[in-house]
Amino acid sequence: MNLYTGSVLHVDLTAGTATVMPLRQDWLREYWGGWGLAARYFQEYSAPGTDPLSPDNPVIIMTGPLCGTLVPLSARFCFMSKSPHTGTIFESNAGGAFGPELKFSGFDGMVITGRSEQPVYLFIQNGRAELRDATGLWGLGIFETEEKLQQLTGGAKTLSIGPAGENLVSFSCIGTEAYRQLGRGGTGALFGSKNLKAVACRGTGAVRVADMKGFLSIMTQAKTESLLTSDNLWAKTDGTPVLVDLTNEMGIHPTRNFSLGVNAEKSGLDSDAMKAARAGERACWSCPMACGKFTRIGGVEIEGPEYETLCLGGSNCGVNDLASIARFNRVCDDLGLDTISTGATIGLAMDMAEQGLRDFGLRFGEVPEYLAVVEEMAHLSTDRGRDLALGVKRLAAKYAAEDLAIESKGMEFPAYEPRGNHGMGLAYATSERGACHLRAFTIFAENPFDDAQLAKDVVAAQNLNAIKWAMCICDFWGTITTEYLARQLSAGLGETVTAEELDRAGERIWNLLRLLNNREGFTAADDSLPKKILTQALRGGPHEGRTLGAHELEAMKSLYYAARGWDADAVPRPATLAALGLAPLSNAEVRHA
Ligand code: SF4
C-alpha cells in the first residue's frame, strides 16, 4: 500500500498472543490515521462503562500516513484509550523516532488488550512480535529501562513506564527517548495495569510513495514557504520557554495555584535564563526545527524544561530557580510522572497550607520538600505522597478544598490563565480529555474577550487540530493547511484527496470523540471550569480584575454547541451526524471484540 504498511498488530496480553491483522482500509478515507483512526479503532474495541484499569480497556497506538516519509514534523504517533485520570476518552501523542520505527517494522499501529500475569515487554521486529519477560525491568526508572532495553534488543526504539506507571498513578506517563512523554491522562498507568513494562521496536522497512518526484517537490516547497517562516521559527531559536516571556506580558501566566496572572520573579526562568543554560538541542526524526533544547544547570542535564513545566512546576509552585525546576523535571521524566499534573497538584497542596486547610509540609517557593514529594508520589511511599498522587480533583475532594482546585473533567489546567483569555476557558471546558491547550489555542486572538468570535475560533481550531493529529503532524507547524496536506497525500497515495474532505474528517473525528464521551455519561455539565476561575477576579498584570463568570462561560458554550450542530445537552444532532456519516452510539452498537 502507498503511505500505509497495511498491517496492525493486535496484542492480547491475557492470552499472550500477538497477531498481525490487516489495516481497516474501509476507515482510512474517513479517519486517516493517528488520532482519527485510533478513535475509530477504540470505538470498535471498547465497551461503555469499562474500568480504565481493567484488562478490557483497549490501548490503541497509531501512526499517521506521512510518518516515516521525509515530510517534516510528521514523525509523531498517537496513543488512545479511556483515561484512569478523567474517565474520558483521551489521546496523547509524542515525538522522537518510535513512530517511524514502528512503521519500518511493518505496522501502522497496534491494539493492546488484556493483562499479562507477569511483567512483560513487547518486542517487535520486521513484521514479527513476541512478548518477553520483564521481571528484571520492573521497578526501574524509565532512563535505566531504556538503557537495558537497548542492550536486550540491539538498539530498538522504546516506549516504557517507570514506578509511577507500575503503581497506577492516574497521571503517570509512558516515556520515550528519555525526555519525551505520552503525557496527561495516565498512559503509564494503562501500561502498568496490563503488566506491560515496555514496547521495543526495530525495523528496516520503508514507506512506499506513489509519485516520489511530486511528493518531494510539494514537501520541499511547503518546507520553505510554510514551515521555515517567521511564524514557526520561534520553535527552532527559542523553543517553548519563549512562552514564559509572552504569557507574562499578556498577564495569563498562572502563578501560585492560579492566584496571579504574572510572575514578578520570572527572570530566573524566562527565555534568556534558558538560553544561558542551553547545552544542546535535539530533533524528532526528520524535523528541521529541533525544538528540544538541552539545559545544563546546577549539576542537572535534561532536555527541557518545556514551558508547561517551567510554569506548573515553577511559577505555580512559587519556585523560580531554574536548577530546581530542571531537577523536578528530570525526576518526573525518570519516574514517569506528568509534569503539568504533578506541578499543579503540588501547587494545590501549597495553597491548601496557605489557606489553613491542610498542611502537607509544602509551602510556595520552598524547594526541598517540593522535590522530595515527587518521589513519594511516584512510589506511593508516604501518606502525603499517596494523597498527592490522587491529582488535583481527588485531593481537593478528600480535604474539602474544591474551592482551590484548578481542573476541568478532572484534568489539571495547563499554563494559560482563562480569565485573561476567554477562548482558553472554552477550549479547556470543551476538550475531550479535560483541560488541555492542544485542542484549541487562542492566546494570540485579536480580542481575548470577544466571546462570540472566540467560540467560532475554538470550533475551527479543534477541527483543524483533529485532522492535523490524524496525520500526526507536530503542533509546532502552526501554519499548516488542509490544502497542503491534501496535495501531499494525493502525491503519496496516488489518489486525489481534497482539502474539503480533510476538513470534514477533522469535524467527524471531533464529533466521534464527543459521542464516545457521551457514551461514558459525560454531558454539557461536564464542559465546566472550576469555582476559583468562575468566581474570583484575576490579580496582577494587564488583565487585573478581569473575570470569566459562569454566565459568560454558559453563553460561550451555547454559541459553541450551536456552531457545532449539537443540542443544549452537548449531544450532536442527528442531522450533524448524518452530514458527517456518523451514527449515534449506543451500547448495542459498540462491539467489544
Ligand atoms: S518541532 Fe520539536 S516536537 Fe515538533 S517534530 Fe520538531 S523536534 Fe519534534
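Only the coordinates and a few stated rules stand behind these numbers; no lab work does. Note that the structure is a prediction, hence the values are computed from the model and not measured. Note: ideal-geometry Cβ built from the backbone for every residue, glycine included; neighbour counts use all protein chains shown.
Remarks
- For residue 94, the residues whose amide H sits under 5 Å from its own are 77, ignoring neighbours fewer than 5 places away on the same chain, with H placed 1.01 Å from N.
- Seen from residue 238, the other residues with C-beta closer than 14 Å to its C-beta sum to a net charge of -2, counting Lys and Arg as +1 and Asp and Glu as -1.
- The charge dipole of the chain, taken about its Cα centre with unit charges on the Cβ atoms of Lys, Arg (+1), Asp and Glu (-1) only, comes to about 980 debye.
- Of all DSSP beta bridges in the chain, antiparallel share, percent nearest 5: 80
- Taking a ≥ b ≥ c as the square roots of the eigenvalues of the Cα gyration tensor, an a/c ratio below 1.5 marks the chain as rounded.
- Cα centroid of segment 39-113 to Cα centroid of segment 190-262, whole Å: 17
- In a simple Cβ point-charge model (Lys, Arg +1; Asp, Glu -1; nothing else charged), segment 235-407 has a dipole of about 220 debye relative to its Cα centre.
- Computed from the C-beta positions of residue 579 and residue 281 and an R0 of 45 Å, the FRET efficiency is 0.50 to the nearest 0.05.
- Within-12-Å neighbourhood charge of residue 279 [Cβ basis; K, R +1; D, E -1]: +2
- Of all segments of the chain bounded by GluC sites (Glu not before Pro) found in a DSSP loop with no more than 12 other C-beta atoms within 10 Å, the longest spans 118-445.
- Shape call, segment 235-407: gyration tensor on alpha carbons, a/c limit 1.5: prolate
- If R0 equals 45 Å, the separation of the Cβ atoms of residue 290 and residue 382 corresponds to a calculated FRET efficiency of about 0.70.
- Extending 7 Å from Cα along the Cβ direction at residue 498 and again at residue 70 yields two label points whose distance is 3.1 nm.
- For residue 525 and residue 558, the FRET efficiency from 1/(1 + (r/R0)^6), where r spans their Cβ atoms and R0 equals 22 Å, is about 0.95.
- Label-to-label distance, nm, for residues given as residue 460 and residue 130 (7 Å Cα→Cβ offset): 5.4
- Proxy reagent accessibility, fewest Cβ within 10 Å first, across 311, 436: 436, 311
- Converting phi to 3J(HN,Hα) with the Karplus coefficients 6.51, -1.76 and 1.60 and the offset θ = phi - 60°, segment 400-406 yields 6, 10, 4, 5, 9, 7, 10 Hz in sequence order, with x at every glycine or proline.
- Whether segment 7-202 is rounded, prolate or oblate, judged on the alpha carbon gyration tensor where a/c under 1.5 counts as rounded: rounded
- Gain on full extension, evaluated as 0.36 nm per residue between residue 446 and residue 212 minus their Cα-Cα distance, stands at 80.2 nm.
- Whole-Hz ³J(HN,Hα) from phi, Karplus 6.51 cos²θ - 1.76 cosθ + 1.60, for segment 143-156, glycine and proline x: 4, 6, 4, 4, 4, 5, 5, 4, 5, 6, 10, x, x, 5
- Shown in residue order for segment 561-577 are the 3J(HN,Hα) couplings computed by the Karplus curve 6.51 cos²θ - 1.76 cosθ + 1.60 at θ = phi - 60°: 4, 5, 5, 7, x, 10, 7, 5, 8, 6, 9, x, 5, x, 5, 5, 5 Hz (x for Gly and Pro).
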